[in-house]
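Here the structure is laid out as C-alpha coordinates; the discussion comes afterwards.
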Amino acid sequence: MTQEPIIKLENVDICFYVRESGHISLKEFIFKPGKYKLLQKQFVLRDISFEIYRGESVGLLGRNGSGKSTLLRALSGIITPDKGKIHVNGKVAPLLGLGIGLEQEMTGIENIKLSCALMGLSKAETKELIPEIIEFSELGETIDWAVKRYSTGMMSRLSFSIAIMKQPDILLIDEVLAVGDKGFQEKCLQKVNKLKSIGTTVVYVSHSMSEVSNMCSKAALLNNGHLEMFGDVQSVGDKYLQLF
Amino acid sequence: MQKFLKGVLSTLSDKGFRNAILSLAVKTIKLRYKNSLLGVFWSMLNPLIFLVIMLLIFREIASIPNYALYALSGLVFWNFLSASVLQVLTSFIDNAAILKSINLHPISFPLSATLAAIFNLLLSLIPFSILMFFLGYRIDISIIAILPVLFVSSVFILGLGMFLGTTNVYFRDVQLLWISIMPAFFYFTPIAYTIDIIPVESQKFIKLNPFYYFMECYHDIFYYSRFPDVKNFIICTIMALIVFGLGLYFFNKYRKGFISNI
(Lines give C-alpha, C1' and ligand atoms only; values in the text may rest on other atoms or scores of the structure.)
Protein backbone atom coordinates (compact mmCIF):
# COMPACT_ATOMS: atom_id res chain seq x y z
CA MET A 1 0.00 0.00 0.00
CA THR A 2 1.33 3.40 -0.90
CA GLN A 3 -1.32 5.47 0.87
CA GLU A 4 -0.63 7.70 3.86
CA PRO A 5 -0.92 6.02 7.26
CA ILE A 6 -3.95 7.16 9.25
CA ILE A 7 -2.04 6.75 12.51
CA LYS A 8 1.68 7.19 12.70
CA LEU A 9 3.84 7.14 15.81
CA GLU A 10 7.48 8.17 15.67
CA ASN A 11 9.68 7.34 18.65
CA VAL A 12 7.00 8.23 21.14
CA ASP A 13 7.89 8.49 24.83
CA ILE A 14 5.14 9.01 27.36
CA CYS A 15 5.87 9.71 31.00
CA PHE A 16 3.71 9.95 34.04
CA TYR A 17 4.51 12.64 36.55
CA VAL A 18 3.79 11.39 40.00
CA ARG A 19 4.56 12.82 43.38
CA GLU A 20 7.54 11.13 44.90
CA SER A 21 6.69 8.41 47.43
CA GLY A 22 3.04 9.32 47.22
CA HIS A 23 2.45 10.72 50.66
CA ILE A 24 4.36 13.95 51.08
CA SER A 25 2.10 16.66 52.37
CA LEU A 26 2.40 20.30 51.58
CA LYS A 27 4.08 20.76 54.95
CA GLU A 28 7.01 18.53 54.16
CA PHE A 29 7.33 20.01 50.72
CA ILE A 30 7.57 23.52 52.08
CA PHE A 31 9.69 22.88 55.14
CA LYS A 32 12.21 20.54 53.60
CA PRO A 33 13.02 22.35 50.39
CA GLY A 34 15.23 20.50 47.97
CA LYS A 35 14.69 17.18 49.63
CA TYR A 36 11.68 16.42 47.51
CA LYS A 37 11.13 17.18 43.88
CA LEU A 38 7.52 18.00 43.18
CA LEU A 39 7.11 15.54 40.37
CA GLN A 40 8.99 12.42 39.53
CA LYS A 41 9.14 11.22 35.97
CA GLN A 42 8.15 7.66 35.21
CA PHE A 43 8.29 6.17 31.75
CA VAL A 44 5.07 4.47 30.76
CA LEU A 45 5.76 4.11 27.07
CA ARG A 46 9.20 4.20 25.54
CA ASP A 47 10.29 4.66 21.97
CA ILE A 48 7.10 3.47 20.32
CA SER A 49 6.93 3.65 16.54
CA PHE A 50 4.37 2.11 14.24
CA GLU A 51 2.03 2.90 11.40
CA ILE A 52 -1.59 1.96 10.92
CA TYR A 53 -3.33 2.36 7.57
CA ARG A 54 -6.94 3.21 6.80
CA GLY A 55 -9.29 0.28 7.25
CA GLU A 56 -6.84 -1.81 9.25
CA SER A 57 -7.82 -3.14 12.62
CA VAL A 58 -5.11 -3.66 15.16
CA GLY A 59 -5.33 -5.65 18.38
CA LEU A 60 -3.27 -4.35 21.29
CA LEU A 61 -1.96 -7.10 23.53
CA GLY A 62 0.07 -7.01 26.70
CA ARG A 63 0.00 -7.72 30.39
CA ASN A 64 -1.89 -5.51 32.84
CA GLY A 65 0.04 -2.28 33.31
CA SER A 66 2.06 -2.61 30.13
CA GLY A 67 0.78 0.72 28.80
CA LYS A 68 -2.09 -0.32 26.52
CA SER A 69 -4.67 2.09 27.91
CA THR A 70 -2.12 4.88 28.02
CA LEU A 71 -1.37 4.26 24.36
CA LEU A 72 -5.09 4.53 23.54
CA ARG A 73 -5.31 7.77 25.52
CA ALA A 74 -2.35 9.11 23.59
CA LEU A 75 -4.01 8.16 20.28
CA SER A 76 -7.18 9.95 21.32
CA GLY A 77 -5.21 13.09 22.19
CA ILE A 78 -5.90 13.09 25.93
CA ILE A 79 -2.21 12.63 26.68
CA THR A 80 0.43 14.41 24.68
CA PRO A 81 3.73 12.60 24.22
CA ASP A 82 6.83 13.85 26.01
CA LYS A 83 8.97 13.00 23.04
CA GLY A 84 8.34 11.91 19.50
CA LYS A 85 5.33 12.56 17.34
CA ILE A 86 1.84 11.17 16.97
CA HIS A 87 0.04 11.84 13.70
CA VAL A 88 -3.65 11.00 13.62
CA ASN A 89 -5.57 11.89 10.46
CA GLY A 90 -9.23 11.59 11.23
CA LYS A 91 -12.05 11.76 13.71
CA VAL A 92 -11.32 9.60 16.72
CA ALA A 93 -13.94 7.95 18.90
CA PRO A 94 -12.37 6.67 22.09
CA LEU A 95 -14.15 4.06 24.18
CA LEU A 96 -11.90 4.01 27.20
CA GLY A 97 -13.53 1.70 29.62
CA LEU A 98 -16.91 1.26 31.06
CA GLY A 99 -19.02 4.15 32.16
CA ILE A 100 -16.06 6.54 32.05
CA GLY A 101 -17.27 9.96 31.07
CA LEU A 102 -20.81 9.16 32.16
CA GLU A 103 -22.12 11.39 34.92
CA GLN A 104 -23.73 9.12 37.52
CA GLU A 105 -26.30 11.62 38.76
CA MET A 106 -27.65 12.51 35.34
CA THR A 107 -30.08 10.58 33.20
CA GLY A 108 -29.10 8.61 30.12
CA ILE A 109 -30.45 11.24 27.78
CA GLU A 110 -28.66 14.08 29.62
CA ASN A 111 -25.47 12.07 29.39
CA ILE A 112 -25.90 11.65 25.65
CA LYS A 113 -26.29 15.41 25.25
CA LEU A 114 -23.31 16.17 27.49
CA SER A 115 -20.98 13.64 25.84
CA CYS A 116 -21.88 14.88 22.38
CA ALA A 117 -21.25 18.48 23.42
CA LEU A 118 -17.92 17.58 25.02
CA MET A 119 -16.85 15.78 21.87
CA GLY A 120 -17.48 18.92 19.88
CA LEU A 121 -20.85 18.23 18.25
CA SER A 122 -23.28 21.10 17.83
CA LYS A 123 -26.77 21.06 19.35
CA ALA A 124 -28.35 20.38 15.97
CA GLU A 125 -26.04 17.45 15.21
CA THR A 126 -26.71 16.02 18.66
CA LYS A 127 -30.46 16.31 18.23
CA GLU A 128 -30.22 14.34 15.01
CA LEU A 129 -28.17 11.59 16.63
CA ILE A 130 -30.21 11.13 19.81
CA PRO A 131 -32.94 8.81 18.39
CA GLU A 132 -30.29 6.66 16.70
CA ILE A 133 -28.26 6.40 19.90
CA ILE A 134 -31.31 5.45 21.98
CA GLU A 135 -32.39 2.91 19.43
CA PHE A 136 -28.99 1.28 19.17
CA SER A 137 -28.55 1.13 22.93
CA GLU A 138 -31.93 -0.62 23.30
CA LEU A 139 -32.28 1.17 26.62
CA GLY A 140 -35.90 2.11 25.89
CA GLU A 141 -37.51 4.13 28.62
CA THR A 142 -34.62 3.53 31.03
CA ILE A 143 -32.88 6.27 29.04
CA ASP A 144 -34.67 8.67 31.42
CA TRP A 145 -33.21 7.01 34.51
CA ALA A 146 -30.23 8.38 36.37
CA VAL A 147 -27.16 6.48 35.23
CA LYS A 148 -26.33 5.53 38.81
CA ARG A 149 -29.32 3.16 38.64
CA TYR A 150 -27.92 1.41 35.55
CA SER A 151 -26.33 -2.00 35.64
CA THR A 152 -22.79 -2.31 34.28
CA GLY A 153 -24.19 -3.80 31.09
CA MET A 154 -26.54 -0.89 30.60
CA MET A 155 -23.71 1.58 31.10
CA SER A 156 -21.58 -0.10 28.50
CA ARG A 157 -24.54 -0.08 26.12
CA LEU A 158 -24.89 3.65 26.60
CA SER A 159 -21.23 4.55 26.26
CA PHE A 160 -20.74 2.27 23.27
CA SER A 161 -23.80 3.67 21.50
CA ILE A 162 -22.68 7.25 22.06
CA ALA A 163 -19.17 6.67 20.81
CA ILE A 164 -20.09 4.69 17.76
CA MET A 165 -22.81 6.94 16.35
CA LYS A 166 -20.56 9.73 15.15
CA GLN A 167 -19.18 7.78 12.20
CA PRO A 168 -15.61 7.95 13.45
CA ASP A 169 -12.63 7.39 11.17
CA ILE A 170 -10.81 5.71 14.01
CA LEU A 171 -12.40 3.70 16.79
CA LEU A 172 -10.41 3.00 19.93
CA ILE A 173 -11.88 0.26 22.09
CA ASP A 174 -10.56 -0.63 25.53
CA GLU A 175 -12.08 -3.95 26.58
CA VAL A 176 -15.58 -2.56 26.83
CA LEU A 177 -17.28 -4.99 24.50
CA ALA A 178 -16.94 -7.80 27.00
CA VAL A 179 -19.55 -6.43 29.37
CA GLY A 180 -22.88 -6.39 27.55
CA ASP A 181 -25.05 -9.47 27.24
CA LYS A 182 -24.58 -11.93 24.39
CA GLY A 183 -27.11 -10.21 22.16
CA PHE A 184 -25.61 -6.76 22.59
CA GLN A 185 -22.05 -8.04 22.22
CA GLU A 186 -22.94 -9.51 18.87
CA LYS A 187 -24.71 -6.35 17.84
CA CYS A 188 -21.59 -4.35 18.75
CA LEU A 189 -19.32 -6.69 16.85
CA GLN A 190 -21.59 -6.43 13.83
CA LYS A 191 -21.54 -2.65 14.11
CA VAL A 192 -17.75 -2.62 14.41
CA ASN A 193 -17.49 -4.93 11.42
CA LYS A 194 -19.84 -2.72 9.45
CA LEU A 195 -17.76 0.33 10.31
CA LYS A 196 -14.66 -1.60 9.32
CA SER A 197 -16.20 -2.45 5.96
CA ILE A 198 -16.71 1.23 5.19
CA GLY A 199 -13.10 1.96 6.04
CA THR A 200 -13.05 2.74 9.76
CA THR A 201 -9.80 1.94 11.45
CA VAL A 202 -10.06 0.07 14.74
CA VAL A 203 -7.56 -0.23 17.57
CA TYR A 204 -8.74 -2.82 20.00
CA VAL A 205 -7.36 -3.68 23.44
CA SER A 206 -8.24 -7.13 24.62
CA HIS A 207 -6.96 -10.07 26.60
CA SER A 208 -8.92 -12.54 24.58
CA MET A 209 -6.81 -13.97 21.76
CA SER A 210 -9.88 -15.38 20.01
CA GLU A 211 -11.53 -11.95 19.83
CA VAL A 212 -8.35 -10.38 18.52
CA SER A 213 -7.84 -13.02 15.87
CA ASN A 214 -11.49 -12.73 14.86
CA MET A 215 -11.56 -8.99 14.62
CA CYS A 216 -8.09 -7.81 13.79
CA SER A 217 -5.84 -8.00 10.81
CA LYS A 218 -2.76 -6.97 12.77
CA ALA A 219 -1.63 -6.99 16.36
CA ALA A 220 0.84 -5.17 18.57
CA LEU A 221 2.41 -6.49 21.75
CA LEU A 222 3.41 -4.13 24.55
CA ASN A 223 5.71 -5.28 27.29
CA ASN A 224 6.83 -2.91 30.07
CA GLY A 225 6.20 0.11 27.93
CA HIS A 226 8.18 -1.16 24.96
CA LEU A 227 6.69 -2.24 21.68
CA GLU A 228 7.81 -5.84 21.60
CA MET A 229 6.30 -6.81 18.32
CA PHE A 230 4.04 -5.43 15.60
CA GLY A 231 2.78 -7.62 12.81
CA ASP A 232 0.31 -10.30 11.85
CA VAL A 233 -2.06 -11.55 14.50
CA GLN A 234 -0.77 -15.12 14.56
CA SER A 235 2.88 -14.50 15.35
CA VAL A 236 2.19 -11.63 17.78
CA GLY A 237 -0.38 -13.82 19.51
CA ASP A 238 2.15 -16.64 19.91
CA LYS A 239 4.67 -14.24 21.38
CA TYR A 240 2.01 -12.89 23.77
CA LEU A 241 1.19 -16.35 25.06
CA GLN A 242 4.91 -16.99 25.63
CA LEU A 243 4.93 -14.13 28.17
CA PHE A 244 3.07 -16.22 30.69
CA MET B 1 4.05 31.28 26.66
CA GLN B 2 3.08 33.22 23.55
CA LYS B 3 2.47 29.99 21.68
CA PHE B 4 0.36 28.77 24.56
CA LEU B 5 -1.76 31.94 24.58
CA LYS B 6 -2.26 31.62 20.85
CA GLY B 7 -3.40 28.05 21.38
CA VAL B 8 -5.87 29.11 24.05
CA LEU B 9 -7.25 31.87 21.85
CA SER B 10 -7.73 29.61 18.86
CA THR B 11 -9.45 26.99 21.03
CA LEU B 12 -11.72 29.64 22.52
CA SER B 13 -12.79 30.82 19.08
CA ASP B 14 -13.85 27.26 18.21
CA LYS B 15 -17.63 26.95 18.29
CA GLY B 16 -17.62 23.33 19.38
CA PHE B 17 -15.34 24.18 22.29
CA ARG B 18 -17.57 27.03 23.45
CA ASN B 19 -20.55 24.70 23.29
CA ALA B 20 -18.61 22.15 25.36
CA ILE B 21 -17.78 24.70 28.06
CA LEU B 22 -21.38 25.89 28.21
CA SER B 23 -22.66 22.31 28.55
CA LEU B 24 -20.17 21.65 31.34
CA ALA B 25 -21.32 24.77 33.17
CA VAL B 26 -24.98 23.80 32.83
CA LYS B 27 -24.12 20.31 34.06
CA THR B 28 -22.35 21.75 37.11
CA ILE B 29 -25.37 23.82 38.09
CA LYS B 30 -27.84 20.99 37.45
CA LEU B 31 -25.80 18.55 39.50
CA ARG B 32 -25.33 20.92 42.41
CA TYR B 33 -29.02 21.00 43.25
CA LYS B 34 -30.12 17.73 41.68
CA ASN B 35 -31.08 15.76 44.74
CA SER B 36 -32.14 18.62 46.99
CA LEU B 37 -35.70 19.73 47.60
CA LEU B 38 -35.08 23.46 47.83
CA GLY B 39 -32.63 23.44 44.93
CA VAL B 40 -31.28 26.82 43.96
CA PHE B 41 -32.90 28.42 47.02
CA TRP B 42 -30.02 27.12 49.10
CA SER B 43 -27.72 29.71 47.60
CA MET B 44 -30.16 32.36 48.86
CA LEU B 45 -30.78 30.83 52.23
CA ASN B 46 -27.18 31.00 53.37
CA PRO B 47 -26.82 34.81 53.06
CA LEU B 48 -30.24 35.30 54.66
CA ILE B 49 -29.24 33.28 57.73
CA PHE B 50 -26.02 35.27 58.01
CA LEU B 51 -27.96 38.49 57.54
CA VAL B 52 -30.18 37.73 60.51
CA ILE B 53 -27.19 36.92 62.71
CA MET B 54 -25.37 40.06 61.66
CA LEU B 55 -28.46 42.21 62.28
CA LEU B 56 -28.70 40.75 65.77
CA ILE B 57 -25.06 41.07 66.72
CA PHE B 58 -23.13 43.57 64.62
CA ARG B 59 -25.69 46.30 63.92
CA GLU B 60 -24.70 48.32 66.99
CA ILE B 61 -20.98 47.94 66.44
CA ALA B 62 -21.08 48.98 62.80
CA SER B 63 -23.21 52.04 63.62
CA ILE B 64 -24.00 53.05 60.06
CA PRO B 65 -27.42 53.93 58.72
CA ASN B 66 -29.36 51.20 56.99
CA TYR B 67 -27.06 48.46 58.19
CA ALA B 68 -29.23 45.67 56.69
CA LEU B 69 -28.57 46.85 53.14
CA TYR B 70 -24.85 47.21 53.84
CA ALA B 71 -24.66 43.72 55.29
CA LEU B 72 -26.74 42.06 52.56
CA SER B 73 -24.85 43.63 49.68
CA GLY B 74 -21.59 42.50 51.24
CA LEU B 75 -22.79 38.99 52.01
CA VAL B 76 -24.15 38.22 48.57
CA PHE B 77 -20.91 39.07 46.84
CA TRP B 78 -18.68 37.61 49.54
CA ASN B 79 -20.47 34.31 49.03
CA PHE B 80 -19.95 34.63 45.31
CA LEU B 81 -16.20 35.26 45.68
CA SER B 82 -15.43 32.58 48.24
CA ALA B 83 -17.71 29.85 46.88
CA SER B 84 -16.72 30.28 43.27
CA VAL B 85 -12.99 30.16 43.97
CA LEU B 86 -13.63 26.85 45.73
CA GLN B 87 -15.63 25.55 42.77
CA VAL B 88 -12.93 26.53 40.30
CA LEU B 89 -10.21 25.06 42.45
CA THR B 90 -11.91 21.66 42.70
CA SER B 91 -13.02 21.65 39.06
CA PHE B 92 -10.14 19.45 37.88
CA ILE B 93 -10.87 16.81 40.49
CA ASP B 94 -14.64 17.05 40.11
CA ASN B 95 -14.31 16.33 36.42
CA ALA B 96 -11.70 13.59 36.72
CA ALA B 97 -13.74 11.10 34.68
CA ILE B 98 -14.10 13.51 31.77
CA LEU B 99 -10.51 14.67 32.04
CA LYS B 100 -9.32 11.10 31.66
CA SER B 101 -11.62 9.96 28.90
CA ILE B 102 -12.43 12.81 26.53
CA ASN B 103 -10.03 14.87 24.49
CA LEU B 104 -10.96 18.28 25.82
CA HIS B 105 -8.50 21.02 26.75
CA PRO B 106 -8.28 20.95 30.57
CA ILE B 107 -8.73 24.72 30.73
CA SER B 108 -12.41 23.99 30.03
CA PHE B 109 -12.93 22.89 33.62
CA PRO B 110 -11.96 26.12 35.43
CA LEU B 111 -13.61 28.15 32.67
CA SER B 112 -16.91 26.31 32.96
CA ALA B 113 -16.79 26.42 36.77
CA THR B 114 -16.37 30.20 36.62
CA LEU B 115 -19.26 30.46 34.18
CA ALA B 116 -21.42 28.31 36.45
CA ALA B 117 -20.59 30.55 39.41
CA ILE B 118 -21.63 33.64 37.43
CA PHE B 119 -24.90 31.98 36.34
CA ASN B 120 -25.57 31.10 39.93
CA LEU B 121 -24.91 34.65 41.10
CA LEU B 122 -27.15 36.17 38.44
CA LEU B 123 -29.91 33.76 39.39
CA SER B 124 -29.70 34.66 43.07
CA LEU B 125 -29.47 38.38 42.23
CA ILE B 126 -33.09 38.35 41.05
CA PRO B 127 -34.64 37.85 44.52
CA PHE B 128 -31.80 39.69 46.26
CA SER B 129 -32.21 42.84 44.21
CA ILE B 130 -35.90 42.85 45.13
CA LEU B 131 -34.93 42.46 48.77
CA MET B 132 -32.36 45.24 48.44
CA PHE B 133 -35.10 47.56 47.15
CA PHE B 134 -37.14 46.84 50.24
CA LEU B 135 -34.09 47.51 52.38
CA GLY B 136 -33.73 50.93 50.81
CA TYR B 137 -31.52 50.61 47.74
CA ARG B 138 -31.89 53.71 45.57
CA ILE B 139 -31.68 52.84 41.89
CA ASP B 140 -28.89 54.79 40.25
CA ILE B 141 -27.06 54.87 36.93
CA SER B 142 -24.00 53.56 38.78
CA ILE B 143 -25.60 50.10 38.70
CA ILE B 144 -24.00 49.61 35.25
CA ALA B 145 -20.62 49.51 37.01
CA ILE B 146 -21.58 46.02 38.15
CA LEU B 147 -20.62 44.72 34.69
CA PRO B 148 -16.92 45.69 34.75
CA VAL B 149 -16.65 44.87 38.46
CA LEU B 150 -18.15 41.41 37.92
CA PHE B 151 -15.87 40.86 34.95
CA VAL B 152 -12.74 41.79 36.88
CA SER B 153 -13.89 39.64 39.82
CA SER B 154 -14.38 36.69 37.48
CA VAL B 155 -10.89 37.06 36.04
CA PHE B 156 -9.56 37.15 39.61
CA ILE B 157 -11.60 34.07 40.58
CA LEU B 158 -10.52 32.17 37.47
CA GLY B 159 -6.85 32.99 38.00
CA LEU B 160 -6.81 32.24 41.71
CA GLY B 161 -8.88 29.09 41.15
CA MET B 162 -6.52 27.82 38.44
CA PHE B 163 -3.46 28.48 40.59
CA LEU B 164 -4.94 26.81 43.67
CA GLY B 165 -6.63 24.10 41.61
CA THR B 166 -3.39 23.07 39.91
CA THR B 167 -1.67 22.85 43.29
CA ASN B 168 -4.67 20.97 44.66
CA VAL B 169 -4.23 18.19 42.10
CA TYR B 170 -0.90 17.35 43.78
CA PHE B 171 -1.66 18.43 47.34
CA ARG B 172 -5.27 18.02 48.40
CA ASP B 173 -4.34 20.15 51.41
CA VAL B 174 -5.15 23.20 49.31
CA GLN B 175 -8.90 22.73 49.23
CA LEU B 176 -8.97 21.99 52.96
CA LEU B 177 -6.86 25.07 53.58
CA TRP B 178 -9.23 27.22 51.52
CA ILE B 179 -12.28 25.92 53.35
CA SER B 180 -10.77 26.61 56.75
CA ILE B 181 -9.22 29.98 55.94
CA MET B 182 -12.18 31.64 54.24
CA PRO B 183 -14.36 32.01 57.38
CA ALA B 184 -11.40 33.81 58.94
CA PHE B 185 -11.11 36.09 55.94
CA PHE B 186 -14.80 36.85 56.30
CA TYR B 187 -14.03 38.66 59.56
CA PHE B 188 -10.84 40.13 58.15
CA THR B 189 -12.84 41.81 55.39
CA PRO B 190 -15.20 44.72 56.14
CA ILE B 191 -18.54 42.98 55.53
CA ALA B 192 -20.14 42.85 58.94
CA TYR B 193 -18.52 46.18 59.81
CA THR B 194 -17.11 49.20 58.01
CA ILE B 195 -13.42 49.92 57.83
CA ASP B 196 -14.00 53.24 59.69
CA ILE B 197 -14.57 51.51 63.01
CA ILE B 198 -11.06 50.01 62.85
CA PRO B 199 -8.32 52.10 64.49
CA VAL B 200 -6.45 53.99 61.79
CA GLU B 201 -3.14 52.27 62.51
CA SER B 202 -4.76 48.84 62.02
CA GLN B 203 -6.53 49.78 58.81
CA LYS B 204 -3.38 49.16 56.80
CA PHE B 205 -3.58 45.46 57.65
CA ILE B 206 -7.10 45.28 56.29
CA LYS B 207 -5.80 46.93 53.15
CA LEU B 208 -3.38 44.06 52.64
CA ASN B 209 -6.39 41.83 52.14
CA PRO B 210 -7.17 41.59 48.40
CA PHE B 211 -10.84 40.88 49.07
CA TYR B 212 -11.20 44.28 50.76
CA TYR B 213 -10.92 46.10 47.42
CA PHE B 214 -13.51 43.91 45.72
CA MET B 215 -15.96 44.26 48.60
CA GLU B 216 -15.56 48.04 48.59
CA CYS B 217 -16.53 48.12 44.92
CA TYR B 218 -19.69 46.11 45.62
CA HIS B 219 -20.54 48.26 48.64
CA ASP B 220 -20.12 51.41 46.55
CA ILE B 221 -22.55 50.15 43.94
CA PHE B 222 -25.22 48.54 46.11
CA TYR B 223 -25.03 50.40 49.39
CA TYR B 224 -23.90 53.90 48.47
CA SER B 225 -25.52 53.85 45.00
CA ARG B 226 -22.41 55.39 43.48
CA PHE B 227 -19.67 54.42 41.05
CA PRO B 228 -16.86 52.39 42.65
CA ASP B 229 -13.84 54.33 43.78
CA VAL B 230 -11.51 54.49 40.76
CA LYS B 231 -8.42 53.71 42.81
CA ASN B 232 -10.04 50.61 44.30
CA PHE B 233 -11.20 49.44 40.91
CA ILE B 234 -7.74 49.87 39.40
CA ILE B 235 -6.22 47.90 42.28
CA CYS B 236 -8.77 45.15 41.65
CA THR B 237 -7.92 45.08 37.96
CA ILE B 238 -4.18 44.90 38.60
CA MET B 239 -4.63 42.12 41.16
CA ALA B 240 -6.88 40.21 38.78
CA LEU B 241 -4.34 40.44 35.96
CA ILE B 242 -1.45 39.34 38.16
CA VAL B 243 -3.36 36.44 39.66
CA PHE B 244 -4.67 35.39 36.26
CA GLY B 245 -1.20 35.40 34.71
CA LEU B 246 0.18 33.43 37.62
CA GLY B 247 -2.69 30.93 37.49
CA LEU B 248 -2.34 30.41 33.76
CA TYR B 249 1.43 29.97 34.01
CA PHE B 250 1.15 27.49 36.86
CA PHE B 251 -1.65 25.56 35.22
CA ASN B 252 0.24 25.30 31.97
CA LYS B 253 3.46 24.24 33.65
CA TYR B 254 1.99 21.46 35.76
CA ARG B 255 -0.97 20.18 33.79
CA LYS B 256 1.09 17.41 32.21
CA GLY B 257 0.86 15.55 35.52
CA PHE B 258 -2.92 15.85 35.86
CA ILE B 259 -3.80 12.49 34.32
CA SER B 260 -1.41 10.54 36.52
CA ASN B 261 -2.30 12.38 39.74
CA ILE B 262 -6.07 12.74 39.72
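The values are calculated or read from the model by the stated rules, or taken from the named source; none is laboratory data. Model, not experiment: these values are computed from the prediction. All Cβ positions, even for glycine, are placed from backbone atoms using ideal geometry, and neighbour counts span all protein chains on display. Surface accessibility is based on the protein's heavy atoms, side chains included, excluding ligands, DNA and RNA. Shrake-Rupley method; radii C 1.70, N 1.55, O 1.52, S 1.80 Å.
Once amide H atoms are built 1.01 Å from N in the peptide plane, which residues 5 or more positions from A:M229, or in another chain, come under 5 Å H to H?
Correct list: A:L221.
For region A:175-244 and region A:118-143, compute the distance between their C-alpha centroids and round to whole Å.
So the separation of the two Cα centres works out to 27 Å.
In 5 Å bins starting at zero, report the fraction of Cα pairs in region A:131-239 per bin as a rounded %.
2, 11, 20, 21, 17, 13, 9, 4, 3, 0
Say a paramagnetic label sat at a point 7 Å from the Cα of A:E141, along Cα to Cβ; which residues of region A:107-128 have their backbone N under 16 Å from it?
Label zone hits: A:108-109.
When Lys and Arg each count +1 and Asp and Glu each count -1, what net charge do the other residues less than 12 Å away from A:F50, Cβ to Cβ, add up to?
It works out to a net charge of -3.
Of the peptides B:168-175, B:214-221, how do they stack up when ordered by the mean number of other Cβ atoms within 10 Å, highest first?
Result, highest mean Cβ count within 10 Å first: B:214-221, B:168-175.
Would you work out which of A:P168, A:C116, A:T70 lies farthest towards the positive end of the dipole of chain A? Charges go on Cβ: Lys and Arg +1, Asp and Glu -1.
With unit charges placed on the Cβ atoms, the residue in question is A:T70.
Return the lysines within reach of B:K204: Cα separation strictly under 18 angstrom, same-chain partners fewer than 8 residues apart disregarded; answer none if there are no such residues.
Excluding near neighbours in sequence, the set is B:K231.
Set the Förster radius R0 to 41 Å, insert the Cβ-Cβ distance between B:D173 and B:D229 as r into 1/(1 + (r/R0)^6), and round the FRET efficiency to 0.05.
My answer for the efficiency is 0.70.
Let me confirm one metric for peptide B:100-110, namely the mean number of other chain beta-carbon atoms within 10 Å of its residues' beta-carbons.
5
Which net charge results when you count Lys and Arg as +1 and Asp and Glu as -1 among the other residues whose beta-carbon is under 14 Å from that of B:I198?
Taking every other residue near B:I198 into account, the sum is -1.
Let me know the charge dipole size of region A:99-167 about its Cα centre in debye, to the nearest 20, where only the beta-carbon of Lys, Arg (+1) and Asp, Glu (-1) is charged.
So the magnitude is around 180 debye.
Among the listed pairs A:K194/B:K15; A:K91/B:K6; A:K8/A:K113; A:K182/B:K256; A:K8/A:K196, which are separated by more than 28 Å between their Cα atoms?
A:K194/B:K15; A:K8/A:K113; A:K182/B:K256
Would you kindly derive the ³J(HN,Hα) couplings of region A:130-136 from the backbone phi angles with the Karplus curve 6.51 cos²θ - 1.76 cosθ + 1.60 (θ = phi - 60°), listing them in order in whole Hz, with x for Gly and Pro?
So the J values, rounded to whole Hz, are 3, x, 4, 5, 4, 5, 5.
Accessible area lost on pairing B with A, both sides, 1.4 Å probe, Å² to nearest 100?
Result for this pair: about 2700 Å² buried.
Rounded to the nearest 0.05, what FRET efficiency do B:N261 and B:K30 give with R0 = 30 Å and r taken as the Cβ-Cβ distance? Could you check?
Approximately 0.60, to the nearest 0.05.
Could you work out the Rg to Rh ratio of region A:66-187, with Rh taken as the Kirkwood radius (inverse of the mean 1/r over all Cα pairs)?
Expressed as Rg/Rh, it is 0.98.
When only the heavy atoms of the protein chains count and the probe is 1.4 Å, how do B:W178, A:W145 rank by accessible area, highest first?
Sorted descending by solvent-accessible area, the residues read A:W145, B:W178.
Looking at the calculated P(r) for region B:116-166, what percent of the C-alpha pair distances fall above 13 Å?
When all Cα pairs of region B:116-166 are counted, 69 percent exceed 13 Å.
Accessible area of B:L69, 1.4 Å probe, to the nearest 10 Å²?
Here the residue's solvent-accessible area equals roughly 0 Å².
For q values of 0.15 Å⁻¹, compute log₁₀ I(q)/I(0) with the Debye formula on a Cα-only model of region B:40-261, without solvent.
Relative scattering, expressed as log10 I(q)/I(0), comes to -1.00.
Calculated FRET efficiency, A:F43 and B:I130, Cβ-Cβ r, R0 56 Å, to nearest 0.05?
0.40
Per-residue mean of other chain beta-carbon atoms within 10 angstrom of the beta-carbon, peptide B:85-97?
Per residue, the number of nearby Cβ atoms from other chains is 1 on average.
Under the Kirkwood approximation applied to all pairs of distinct alpha-carbon atoms, what is the hydrodynamic radius of chain A in Å?
Final number for the Kirkwood radius of chain A is 19.5 Å.
Around A:V202, what is the net charge, scoring Lys/Arg as +1 and Asp/Glu as -1 over all other residues with Cβ under 13 Å from its Cβ?
With Lys, Arg at +1 and Asp, Glu at -1, the net is +1.
Could you rank the peptides B:225-232, A:11-18 by their average count of other C-beta atoms within 10 Å per residue, with the highest value first?
Order by mean packing, descending: A:11-18, B:225-232.
In what sequence, largest accessible area first, do B:L9, B:L123 appear using a 1.4 Å probe?
Most to least solvent-accessible, the answer reads B:L9, B:L123.
Which three extents, in whole angstrom, do the alpha-carbon atoms of region A:99-167 cover along their principal axes, largest first?
Its Cα atoms span 28, 20, 17 Å along the three principal axes.
Only bridges whose two residues both fall in the protein assembly as shown count here: according to DSSP, what percent of them are antiparallel, nearest 5?
55 percent
Which value, in Å² and to the nearest 10, is the accessible area of A:L241 when all protein chains are kept and the probe is 1.4 Å?
Accessible area, nearest 10 Å²: 100 Å².
I'd like the distance between the alpha-carbon centres of region A:38-53 and region B:191-262, rounded to an integer number of Å.
Centre-to-centre (Cα) distance: 43 Å.
In whole Å and largest first, what semi-axes does the C-alpha gyration tensor of the protein assembly as shown yield when each eigenvalue is scaled by 5 and square-rooted?
Semi-axes (√(5λ), whole Å): 51, 26, 19.
Please average, across the residues of B:248-255, the number of beta carbons from any other chain that are within 10 Å of each residue's own beta carbon, and give a whole number.
1
Please tell me the relative contact order of chain A in percent, rounded to the nearest whole number, where contacts are Cα pairs under 8 Å and at least six residues apart.
27 percent
Taking a threshold of 21 Å on the Cα-Cα distance, which of the pairs A:K187/A:K218; A:K187/B:K27; B:K27/B:K253; A:K68/A:K166; A:K41/A:K85 fall above it?
Result: A:K187/A:K218; A:K187/B:K27; B:K27/B:K253; A:K68/A:K166 exceed 21 Å.
Is any helix in chain B, taking whole DSSP H runs, at least 20 angstrom long along its axis by alpha carbon and on average at least 1.0 on the Kyte-Doolittle scale, and which ones?
B:42-57, B:67-89, B:108-134, B:146-170, B:173-188, B:230-254
Go ahead and estimate [θ] at 222 nm for chain B from helices alone: -39,500 (n - 2.57) per DSSP H run with n ≥ 4, summed, over the residue count, rounded to 500.
It comes out at -24500 deg cm²/dmol, rounded to the nearest 500.
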